[in-house]
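Structure record follows, encoded as structure tokens.
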Amino acid sequence: MAAAPKSAERPPDLTTTKAPFIEEARAHGEIYIIEQPYELYSAENQATWGRLLERMRDPWARYANRRFLEGMAKLQLSAARIPHLDEVNRFLQPLTGFRARAVSGYVPSYVFFDCLRRREFPTTITIRDGERLEYLPEPDIFHDVAGHVPMHTDRAFAAALVRFGDAAEAAAQRAAALPDQRERLRRLTSNIRAMSRFFWFSVEFGLMRHAGDQPGEAQLGQRDDADGALKVYGSGLLSSFGEIAHAIDAPEVERRPFDIAEVVNQPFEIDHYQPLLYIVDSFDHLFALVNELEAWMQAGKLDDVAGGEPAVSESDLASFLRAH
């Protein structure tokens, strides 16, 4: 049977869950760092990026943390086209040493956290379907570049991410010292679950209460924070048109001060708006909390956290076990 003509083949694009390039990379075991195949973005992919960015401008001005808005201005992201990661890094690296690294999909927990320790952020290169603009359970380039990366321009926030990577390294070293395989797996499962919950309720879905801007620092469109108004710094909220407002304004959302003992035992689900969010005082506060998280881990306080979501996969466990 003759091969189908080229015109009958699916045109190249990088739509999430539908990109042949990603499927081929996974089939060949190239599941981590790859190059960004920019020429594969379709016109529809480019239009989706523009729609996503433009519709977030007003919610960001109203609800986003000031450091996020400053980061957006520094990165000079444009609605005209999906960013080249090399261009993003030319702005980003001189500020904090961080850089965005293209990945082909899911990155196991230890690999992800260890990238943070090296000031690298695993960055998804696909983009969501233009017919599904709302927040998706799986990340895409809008979530990663427009949600996460602007925060990486802030030195205090970047330092907290690096400390998170240090905590993962300490957890791997601690596990490697255990002679009993069953106990090693049990403790690691609990530690990974605790760290994932901490990351979720801070870096992904965190809120911050500001004490007030200094004169001249509110020119980026934010409301005056002199009343200690809540602002969003978590990337899952920053990349969701609906949930960013819901997180701040919805009366049914419970907002609590960040408490490690509570957070590491709090399950979460990813397929709906979050009913419970946690508040930090500053990025210095977040840094101190990550230090405390590592101290808790070393003292064994993360060895028996409550079960439930998120599930800890075999690849997550294996990534920690291979580390040492």
Gaussian network model of the chain, springs between alpha carbon atoms under 10 Å - residue of A299, A245, A102 with greatest fluctuation: A299
Dipole in debye (nearest 20) - the chain, about Cα centre, beta carbon charges: Lys, Arg +1; Asp, Glu -1: 560
Considering only the chain, percent of DSSP beta bridges that pair antiparallel, nearest 5: 25
Sites matching trypsin sites (Lys or Arg not before Pro) across the range 223-310 that sit in DSSP coil, with at most 13 neighbouring C-beta atoms within 10 Å: R223
H324 paired with N291, simple spin-label distance in nm, labels 7 Å along Cα-to-beta-carbon: 2.2
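Read-outs throughout are calculated quantities, based only on the coordinates presented, and are distinct from any laboratory measurement. Note that the coordinates shown come from a computational prediction; the quantities given were computed from them, not determined experimentally. Methodologically, a virtual Cβ is constructed for each residue, glycine included, from the backbone with ideal geometry; neighbour enumeration extends over all protein chains shown.
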